[in-house]
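Comments concern the structure below.
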Amino acid sequence: MRKIVIATDGSDSASEALEFGLDLAAEQGAIPIILHVAPVEDVIPYTSFAIAPPRIPHVLTDDDRYALVEAAEIAESKNIKARTELLVGDPVDEIVAFADSSEADLIVVGSRGYGALACALLGSVSRGVLHKSRRPVLVVRTAKVPAEAVAG
């Protein structure tokens, strides 16, 4: 393995995927490339159900870069040299296109573990990447710790 693309949005599941992807890259001697995809548009909250909510072009800010800065710090703490990339667009399309153009050997993404209904309503980046990618995809699910394990 030469290159591993790790997608992050700063969520808990993405953090677990990042940790796993970085460890795998170190083990395999691969270059980790950490991606974050910012939206093209922002939706303005709107109270009427009759009209689609207004959208405005998204302006990149430090908030968009935060997940990458945090990921780079984690890589550095593990003595792993990682590259970061901030992309703009649809997360699924951008992750798959970047992995193809960089000839990545593997894509690592996190999954929050939503059920079928939530995925249908909210969409799922991990599921979309699995379906669209022609490259191997590793989905890291958030570890759920039983309440009794925390209490005891």
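The values are calculated or read from the model by the stated rules, or taken from the named source; none is laboratory data. Bear in mind that the values here come from a model prediction, so they are computed numbers and not experimental data. Neighbour counts are summed over all protein chains in view; Cβ atoms, including those assigned to glycine, are modelled from backbone coordinates with ideal geometry.
Evaluation of Ile4 against the conditions (1) in contact with a strand residue (DSSP E or B) (Cβ under 8 Å, 6 or more places away or on another chain); (2) part of a loop (DSSP other than H, G, I, E, B) shows that the sole unmet condition is (2). Looking only at residues in the range 10-33 that are surrounded by 17 or more Cβ atoms within 10 Å (Cβ to Cβ) and not in a helix (DSSP H, G or I), the one that is nearest to the chain's Cα centre (by Cα) is Ile33.
Please pick out the residue among Val92, Val108, Val96 that is assigned to a strand (DSSP E or B), surrounded by 18 or more Cβ atoms within 10 Å (Cβ to Cβ) and at pLDDT 95 or above. Before you say what the answer is, go through the steps one by one.
Details: Val92 fails: assigned to a strand (DSSP E or B); Val96 fails: assigned to a strand (DSSP E or B).
Every option except Val108 fails the conditions.
Among the numbered conditions (1) surrounded by fewer than 16 Cβ atoms within 10 Å (Cβ to Cβ); (2) closer than 24 Å to Ser124 by Cβ; (3) of a type in the set (A, V, I, L, M), the only one that Leu87 does not meet is (1).
Please work out which residue is modelled with the highest pLDDT, limiting yourself to the range 34-48 and to residues that are surrounded by fewer than 18 Cβ atoms within 10 Å (Cβ to Cβ) and not in a loop (DSSP other than H, G, I, E, B). Out of the qualifying residues, it is Glu41.
For every residue, the table says whether it meets (1) out of contact with any helix residue (DSSP H, G or I) (no Cβ under 7 Å at 6 or more places or on another chain); (2) under 27 Å from Glu103 (Cβ atoms); (3) modelled with pLDDT under 90; (4) of a type in the set (A, V, I, L, M, F, W, C).
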position	(1), (2), (3), (4)
Ile6	no, yes, no, yes
Ala14	yes, yes, no, yes
Leu22	no, yes, no, yes
Ala26	yes, yes, no, yes
Ala30	yes, yes, no, yes
Ala50	yes, no, yes, yes
Tyr66	yes, no, no, no
Ala75	no, yes, no, yes
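Counting the residues of the range 78-89 that are in a loop (DSSP other than H, G, I, E, B) and closer than 17 Å to Leu24 by Cβ gives 5. Pairs linking a residue in the range 5-26 that is more than 18 Å from Ser133 (Cα to Cα) to a residue that is assigned to a helix (DSSP H, G or I) and of a type in the set (Phe, Trp, Tyr), with Cβ atoms under 7 Å and 6 or more positions apart or on different chains, are Gly10/Tyr66.
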